[in-house]
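Take a look at the structure set out below.
The values are calculated or read from the model by the stated rules, or taken from the named source; none is laboratory data. Computed from a prediction, not measured in an experiment: that's the story for all the values here. Here the Cβ is made from the backbone with ideal geometry for all residues, glycine too, and neighbour counts use every protein chain on show. To get the accessible areas, we keep the full protein, side chains included, count just its heavy atoms, and leave off ligands, DNA and RNA. Shrake-Rupley method; radii C 1.70, N 1.55, O 1.52, S 1.80 Å.
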Amino acid sequence: MKTGIIGLPQVGKTSLFQILTKAHLSAQANPREAHIGVAKVPDDRLDRLAALYNPKKLTHTSVEYVDVGAIGQDALKETAYIGHLRQVDALAHVIRVFDDPAIPHVGEIDPLRDIKNVEFDLMVSDLGQIEKRLERLEKDLKKMKTPDLEKEFELLKRANAHLGSEKPLREMQMTPEDKKRLRGFMFLSEKPILYVLNIGESSELGKQLEEAETRVELLIKKDGKIQPEPFRPEKG
Ligand SMILES: Nc1nc2c(ncn2[C@@H]2O[C@H](COP(=O)(O)OP(=O)(O)O)[C@@H](O)[C@H]2O)c(=O)[nH]1
Ligand SMILES: [Mg+2]
């Protein structure tokens, strides 16, 4: 399994990457260059089984992490950048919640705005890809209609409208056949996403985490979808 660590500049992506993979990166490392590392997933159930059966070989699950550098419309136009992101199975979006005047951030600390902006970037990238493919398909369909091309055209039209209403592809209704048809595109907004709130170091971690959750206004629904709650402005 491969996970891409994404997020705005200076939110803690590389810090998270280093914690997860125990990688030592030099201070001179180019922040635009992707870091790739592997984290072993410890599982004491596997260790107990190994003790019982004494296998010749024991392989723990591992997760590969790619720290791709800050996201943005420009970055998403770079072949290397988007290439790395398309390859991953899931995205971990690191969100800046910690306040530190020494470390600049795009405006105020506003996790919900950042979530929306990054999601928007992913959707714009997918839209660009869909529009290109639709143009091509339209030309091809004029020359020759095949059921496969027609189905792809219909599906991409639907995906296009869905993205147009500012909803990521992971929230689009799709049959297994639709999913298969789209697989080759490796759309970014279709990938499952995990939000990582970077709330910073504190002796009141529990309280801060609760506050962060309220601030981010996220509700994890039973079906696994993360839905932003209606915005409730803070007092003061
Ligand atoms: N105060 C504070 N600083 C942090 C925290 N997490 C990361 N930083 C600092 O923020 C800066 C950017 O972190 P980095 O992991 O390189 O962010 P990236 O640009 O998203 O890869 C570095 O100076 C980190 O030491 C945090 O939780 N609290
Ligand atoms: Mg970084």
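Things worth noting here:
- For the chain, the fraction of 1.4 Å probe accessible surface lying on carbon and sulfur atoms is 54 percent.
- Low-density loop cleavage sites - trypsin sites (Lys or Arg not before Pro) in the stretch 47-155, where at most 15 other Cβ are within 10 Å (DSSP): Lys56, Lys57, Lys145
- Taking all protein chains into account, the per residue accessible area for the chain stands at 64 Å² (1.4 Å probe).
- GNM on the chain, alpha-carbon springs under 10 angstrom: the most fluctuating residue among Leu194, Leu58, Leu91 is Leu58.
- Based on Cα contacts under 8 Å between residues 6+ apart, the chain shows a relative contact order of 23 percent.
- Which of Asp47, Asp114 is most accessible, then next, and so on - probe 1.4 Å: Asp47, Asp114
- Longest DSSP-loop-exposure-free segment, GluC sites (Glu not before Pro), the chain, at most 16 other Cβ within 10 Å: 109-165
- Projecting the Cα atoms of Ser189, Leu163, Thr59 onto the charge dipole of the chain, computed from C-beta unit charges around the Cα centre, puts Thr59 farthest toward the positive end.
- P(r) tail, the chain: Cα-Cα pairs separated by more than 24 Å, 55% of all pairs.
- Entries in Lys13/Lys157; Lys22/Lys77; Lys40/Lys191; Lys2/Lys207; Lys40/Lys116 that, when Cα-Cα distance is taken, lie over 26 Å: Lys13/Lys157; Lys22/Lys77; Lys2/Lys207; Lys40/Lys116
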